[in-house]
1. Full-extension gain between Asp338 and His429, please, as 0.36 nm times their residue separation minus the C-alpha to C-alpha distance.
2. So how do Glu417, Glu276, Glu402, Glu5 line up by other beta-carbon neighbours within 10 Å, fewest first?
3. Quick one: compute a quarter of the convex hull surface over the Cα atoms of segment 31-183 and quote it in nm².
4. Among Trp89, Trp365, what is the fewest-to-most ranking by other Cβ atoms within 10 Å?
5. Through the Karplus equation 6.51 cos²θ - 1.76 cosθ + 1.60, θ set to phi - 60°, convert the phi angles of segment 300-307 into ³J(HN,Hα) values in whole Hz; use x for Gly and Pro.
6. In debye to the nearest 20, how big a dipole does segment 115-263 give about its Cα centre with +1 on each Lys and Arg Cβ and -1 on each Asp and Glu Cβ?
7. Could you tell me the ratio Rg/Rh of the chain? Both radii from Cα atoms, Rh via Kirkwood.
8. Taking K and R as +1 and D and E as -1, what net charge do the other residues with C-beta under 15 Å from the C-beta of Pro213 add up to?
Amino acid sequence: MQELEYSPPTHAFKMVPSSMGTDWATPAPDDAGVRKAAELLNAGTKVALLVGQGARGPEEEIAEVAELLGAGAAKALLGKDVLSDELPWVTGSIGLLGTRPSYDMMMDCDTLLTVGSSFPYTQFMPEFDQARAVQIDIDGRFIGMRYPYEVNLVGDAKATLRALIPLLQRKSDRSFRKSIEKGVKRWWETMAMEADVKADPINPMKLFAELSPKLPDNAIIAADSGSSANWYARQLKFRGNMRGSLSGNLATMGPGVPYGIGAKFAHPDRPVIVFEGDGAMQMNGMAELITIKHYWQEWADPRLIIAILHNNDLNQVTWEMRGMIDLPKFAESQNLPDVDYAAFASSLGLNAITVDNPKKLGSAWDEALSADRPTVLDVHTDPNVPPVPPHATLEQMQSVAEAFLKGDENRWGMAREGIKVKMQEFLPHKES
């Protein structure tokens with residue numbers, strides 16, 4: 001079949017032509033529903049927005065709604081690239097990998113507007129009797145499922161927000177918005193302070209913090225599942241036309257490098273950065289480096305950077321065992337064999353850099369971002385730096401303490417690094 005000469009289908013039996021040029025309809029919201037949503041939002045005094053990947057496109061409309069309502073906006077993980085993190089009212093990610101400003105906003109609001117998100121973790125949303133809520137989603141299968149929304153609008157996000165805006169009243173009391181912006185500013189200062197905490201040998205947060213201001217405005221970033229997703233969610237400031245993704249629904253290990261390769265085929269003229277744990281790298285990432293070797297010279301921009309968090313530990317699961325089920329690290333399942341990832345990448349003709357000194361991170365990123373071929377950054381990070389949620393519960397802290405007492409092999413390192421990291425939230429900040 002591959003060698004047969006092509007001939008177009010004829011007007012004959014068993015010939016079925018396909019069509020071109022489909023014009024898809026824009027689902028419009030119900031007018032009465034839009035009026036009810038506006039009444040609910042106008043009645044609120046502390047309005048919070050939650051946006052997901054379904055809100056990609058109407059960024060200007062979201063900004064106008066937030067300005068009218070004096071609201072802040074939290075982002076579901078797959079919606080990290082929907083709104084710029086440089087906007088002072090954008091609180092960042094929400095959930096277990098989320099930020100303190102997002103958590104505080106949700107715990108304090110009296111009104112919630114969700115746009116293009118099916119975020120399922122209601123413990124990070126307002127209490128059920130705390131807030132009245134509106135949801136906008138293009139897919140009726142997911143409407144009203146995750147929270148007791150009073151008004152559920154099925155429609156295109158952009159069209160629905162455009163219909164809603166003329167009905168919204170600008171709130172004169174801006175105190176809620178100001179408190180959100182103050183919290184966001186402090187949060188980013190805290191993230192910088194946490195990234196500067198010394199570790200052995202490298203604080204993994206520093207890897208992300210060093211890159212963030214260097215990111216090209218058209219970069220595409222992917223993260224694998226694991227601790228790399230924590231720092232992707234909290235340490236990277238998205239802006240401009242940056243795009244990003246990860247396994248946000250299933251938290252599947254192994255998609256990071258394939259996502260990066262897919263991004264290069266879709267956008268061969270854009271730089272791509274992948275953050276990959278060493279567990280996922282050993283699962284399939286090393287094999288995919290061979291794929292990169294095979295195709296990279298076809299890409300207009302050859303920059304595809306694979307940054308490996310090399311700590312010889314299935315780190316996210318190790319910390320989940322400590323924080324959720326009171327168990328110390330189970331070395332037999334969690335320890336990984338040590339691999340020289342840079343040497344393997346070099347053997348394939350790729351640019352390869354080993355980093356085991358935090359002072360060399362900046363120059364390593366500069367080299368990778370200016371390279372004429374794909375780069376593997378083999379970064380030796382400290383497994384004892386905890387992915388501590390800024391809203392860690394008493395139960396989680398008790399679980400970690402019990403894991404410590406049960407004889408975790410890294411107990412002194414995790415205690416030392418955990419205390420140093422958590423202290424940064426309480427130390428004086430610039431505005432203090």
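Bear in mind these aren't lab numbers, they're just calculated from the coordinates by the rules spelled out. Just so it is clear, the model here is predicted, and its values are computed rather than measured. Positions of Cβ are generated from backbone atoms using ideal geometry, with glycine treated the same way; all protein chains shown enter the neighbour counts.
1. 28.9 nm
2. Glu5, Glu402, Glu417, Glu276
3. 7.6
4. Ranked by crowding around the Cβ, least crowded first: Trp89, Trp365.
5. Per residue, the Karplus-derived 3J(HN,Hα) values read 4, 10, x, 6, 10, 10, 9, 9 Hz.
6. That gives segment 115-263 a dipole magnitude of about 600 debye.
7. Ratio value, two decimals: 1.01.
8. Numbers: positive: Lys206, Lys214, Lys237, Arg239; negative: Asp85, Glu86, Glu189, Asp196, Glu210, Asp217, Asp366.
My count for the surroundings of Pro213 gives -3.
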